[in-house]
Amino acid sequence: MTVTVLAILETDFVPQKSLAKVMNDRLQRAAKELEKVHLKPLSGQGFSPDDLVIYISYNSKYKIRYCIVNDVPADIQYFVAELCGRLGYILWKRVVVEVADFDKHLEC
């Protein structure tokens, strides 16, 4: 299974300029750690060759939220939910991301 975690830096709110850089750096580190460390077991033998794509971002209270953006089996969704819950991440209930290159919206 190919695992990709993307940090979505654009949020529903605009943090202060001095805080924005720190928040963006933290979010990018969290995305890299989630992909390379925590979800690494999913890239081993025995899992489907499908992709797992996860978006993470901040909510208005500066909590990290996550969303699986593609179709994956229920056991993978459960694994990701348990893992993200242990890390203190919350489920991103609704996501609409405009992709400039493709003229479409991506939704969770």
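The values are calculated or read from the model by the stated rules, or taken from the named source; none is laboratory data. Note that this is a predicted model, so its numbers are computed, not measured. Neighbour counts are summed over all protein chains in view; Cβ atoms, including those assigned to glycine, are modelled from backbone coordinates with ideal geometry. We work out accessible area using only protein heavy atoms, side chains counted, and drop any ligands, DNA or RNA first. Shrake-Rupley method; radii C 1.70, N 1.55, O 1.52, S 1.80 Å.
Grab the eigenvalues of the alpha-carbon gyration tensor for the stretch 3-91, scale each by 5, take roots, and send me the semi-axes largest first in whole angstrom.
Ellipsoid semi-axes (Å, largest first): 26, 12, 11.
Using 1/(1 + (r/R0)^6) with R0 = 25 angstrom and r between the beta carbons of residue 26 and residue 51, what's the FRET efficiency to the nearest 0.05?
With a Förster radius of 25 Å, E is 0.50.
Quick check: net charge around residue 77, other residues with Cβ under 13 Å of its Cβ, Lys/Arg +1 and Asp/Glu -1?
Spelling it out: positives minus negatives among the neighbours equals -4.
Under 13 Å from the Cβ of residue 5, count the other residues' Cβ atoms, weight Lys and Arg +1, Asp and Glu -1, and hand me the total.
Once positives and negatives cancel, what remains is +2.
Using a 1.4 angstrom probe, figure out how much accessible area the stretch 3-91 has per residue, in square angstrom, rounded to the nearest whole.
Averaged over the residues of the stretch 3-91, the accessible area is 63 Å².
Report the calculated FRET efficiency for residue 82 and residue 19 (r = Cβ-Cβ distance, R0 = 22 Å), to the nearest 0.05.
0.15
Got the relative contact order for the stretch 3-91 handy, in percent, Cα pairs under 8 Å and 6 or more residues apart?
Relative contact order of the stretch 3-91: 33 percent.
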